[in-house]
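A short worksheet on the structure shown next.
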Amino acid sequence: MIDLFTADARLRALLARTRTIAVVGLSPDLQRASHGVASYLQAHGFRIVPVNPNAAEVLGEKAFPTLAQAATRVKIDLVDVFRRSDDVPGVMQQAIAIGASAVWLQLGVRHDQAKALGEAAGLIVVQDRCIMVEHRKAF
């Protein structure tokens with residue numbers, strides 16, 4: 001049985017120590033969930049690093065085509081993923097390679113094998129939860 005108090009406390013601690021969030025799949029389209037969530041996080045003091053090969057800039061920040069390229073310029077604490085579940089293993093491998101401390105898979109995004117891979121490498125992995133919703137609850 002999952003202890004929700006402990007789980008919520010861990011998420012709160014993770015969010016409290018996170019400063020820079022790479023958002024994989026961040027869209028410049030104001031109507032997309034990724035844009036709304038990243039805008040919220042930015043407004044609450046997080047540095048957002050857009051990862052989108054089809055954008056030059058999002059939310060006033062330079063966008064990078066890959067997570068690996070973003071990490072050559074910015075120390076990334078947490079990777080927030082707005083991609084299909086099938087894309088998660090590749091993102092997880094990059095997150096491990098760049099030394100991120102956590103990977104957050106947004107609502108509807110799950111990949112148990114990639115989660116196990118990340119956790120085996122020492123990452124905190126959250127799946128199928130909205131980081132904005134969890135931040136609002138915690139703070």
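Over all distinct Cα-Cα pairs of the chain, the Kirkwood formula returns a hydrodynamic radius of 14.8 Å.
Ignoring everything except DSSP H segments at least 4 long, calculate the 222 nm mean residue ellipticity for the chain; use -39,500 (n - 2.57) per segment, divide by total residues, nearest 500.
Computed ellipticity for the chain at 222 nm equals -12000 deg cm²/dmol.
Looking at region 65-116, I'd like the Rg to Rh ratio, where Rg is from alpha-carbon atoms and Rh is Kirkwood's inverse mean 1/r.
0.94
Along the positive direction of the dipole of the chain (beta-carbon charges: Lys, Arg +1; Asp, Glu -1; about the Cα centre), which of CYS130, LEU14, GLN31 reaches farthest? Value: LEU14. Using a 10 angstrom cutoff on alpha carbons, build the Gaussian network for the chain and name the most mobile of GLN94, GLN69, GLN106. Result for the chain, Cα springs under 10 Å: GLN69 fluctuates most. Taking the average, over residues, of other Cβ atoms within 10 Å as the packing measure, peptides 22-29, 107-114 rank 22-29, 107-114 from highest down. Note that region 83-139 carries a Kirkwood radius of 11.4 Å, evaluated over its alpha carbons pair by pair.
Each Cα pair under 8 Å and six or more residues apart adds its sequence gap; the mean of these over the residue count of the chain is a relative contact order of 21 percent. Looking at the chain, send over the antiparallel percent of its DSSP beta bridges, to the nearest 5. Approximately 10 percent, going by the DSSP bridge assignments.
Could you tell me how far the Cα centroid of region 97-135 sits from the Cα centroid of region 1-67, in Å? Centre-to-centre (Cα) distance: 12 Å.
The numbers here are math on the coordinates, done by the rules we state, and not lab data. Computed from a predicted model, the values in this text were never measured in an experiment. Because the Cβ atoms are built from the backbone with ideal geometry, glycine has one as well, and the counts that use them run over all protein chains shown.
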